[in-house]
Amino acid sequence: MFAVKDDDSALDVVQDSMLRLSEKYADRPPEELPMLFQRILQNAIRDWFRRSKVRSTWTTLFSSFSSKDEEDEFDILETLAAEQASNVPVSPDDRLEQSQVVGAIEEALERLPARQREAFMLRYWEDFDVAETAKVMGCSEGSVKTHCSRAVSALSALLRAKGITLESIVAK
């Protein structure tokens, strides 16, 4: 059995499991609930580890945007978690460059196959989990993971080919 070592994450997993139990099995006899909860909790822990692995992979894929000679450990989420006001360019040149980068990203998204684009947007833009995305897309969770992985790889390659790196995006 896996164990979630981070206290906050562990509490989140337990809370989510309790909510799932109450939402889906409220009509069951009370004697069945402990066994159902145990199964739900085990599945939630597995899902948490899978999501952690996917996030790690996703971050690793995008870390190729960072320069290789950085001494500090690079975290894309910390880099992109800037205040809303800091994303507004001051000079007209910066505004133009930002609009060109946004246009290139939008164009790269449009070049993705429809299913990859849909999976990517639901998972990373709408922040759906794998199960929710699979339900919306009408496919298996494995298909969602495959589509997302391929979309991230393709986007990275398309943007790098246009000379767009994470450094150029966050440097502004």
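Structure data summary
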| read-out | value |
| --- | --- |
| Surrounding net charge for R115, when Lys and Arg each add one and Asp and Glu each subtract one, Cβ distance under 13 Å | +3 |
| Full-extension gain in nm, R46 to A26, via 0.36 nm per residue minus C-alpha separation | 4.9 nm |
| Computed label-point distance, nm, for sites V14 and A157 using a 7 Å Cα→Cβ extension | 4.5 |
| R0 of 45 Å, Cβ-Cβ distance D6-Q100: FRET efficiency to nearest 0.05 | 0.70 |
| Per-residue SASA entry for D7, accessible area with 1.4 Å probe, Å² rounded to 10 | 110 |
| F128 long-range amide H proximity, modeled H, under 5 Å | R123 |
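The values are calculated or read from the model by the stated rules, or taken from the named source; none is laboratory data. The shown structure was predicted, so the numbers you read here are calculated from the model rather than taken from an experiment. Here Cβ is always computed from backbone atoms with ideal geometry, including for glycine, and neighbour counts include all displayed protein chains. We work out accessible area using only protein heavy atoms, side chains counted, and drop any ligands, DNA or RNA first. Shrake-Rupley method; radii C 1.70, N 1.55, O 1.52, S 1.80 Å.
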